[in-house]
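Reviewing the structure listed below.
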C-alpha cells in the first residue's frame, strides 16, 4: 500500500526529474552515502520518477545493475511507493551479486540494451565502488575506467542512444585520509566521478548524531551546467517507505 506521504518529496522533484526527450542532453548523477545514511530510498525515488510518471514523453527504459542488493530488495522497496516492478517491462535488472559471467558479462548485457527501443534510457549502477574492491591488486583503476567509459553519457557524441546515468557509491568518512591502495583507489574514483557528474547528491548523518525525527542531511552540489540548483535539506526515512524532506531551520 502506498505511503501517505508523496512518493516524490516536493523539495526533491527538480533533482529526480530526468530528461524526457532526445533533445535534452543526458545527465550523469552521482549519489554518495556514508555508513548509516544509505542512498536506497533516494534511488527508489529515481526509479519511481522514471517509471511511474503518466506523461508519455517520459517513456524511459531503466537498465539497473546492482552489485550490493538483489532484485527482491528493489521490488519490495518499490512496492512501498506504489510501483510494481514485477509488472514493469521497462525495468531490466542485472544482478551483480550472482556473479553470472562475471563483470564482463554484465557489462555486455548492460551495454547491449542501450540502443533498443524508443525513448530515453536510464542506466543505474548501484555500488559502483564494488568494482574497485573486487579488482585484482594494482588493476583497480583499469577495471573501473574500462566499464565506466562505456556507460558514461557523452553530450558531445550526439548519439540518440546516450543514456542518463545514475551511479551510487560510498564516500570515506571525514577527516579520514586514504592510506591503503584500496582507499586511494576508492578516493580517486570518487573524485573522478564527482568532477564528471552534472550534480552530486551526497547523504550524511547529522553533525550532532542520531535523532529520532531526522535521518540525515542531503546536500546537492552542481558541476558545470547541471540544470538544478545547489542546496541542502534534512530528511527522515520511515520504516514503511515514507520519506519526509524539509529545509534546515523549518519543521519537517
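Since every read-out is calculated from the coordinates, none of them should be taken as a lab result. All values reported here derive from a predicted model rather than from experimental measurement. Reconstructed Cβ throughout: ideal geometry from the backbone, glycine too, with neighbour counts over all protein chains shown.
Summary table
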quantity: Which of 49, 134 has the fewest Cβ neighbours within 10 Å, and the rest in rising order; calculated: 134, 49
quantity: Residue order, fewest to most surrounding Cβ atoms within 10 angstrom, among 87, 80, 61; calculated: 87, 80, 61
quantity: Fewest-first sequence of 8, 166, 63 by Cβ atoms within 10 Å of each Cβ; calculated: 8, 63, 166
quantity: Rough spin-label spacing in nm, given labels placed 7 Å along Cα→Cβ, for residue 133 and residue 221; calculated: 2.2 nm
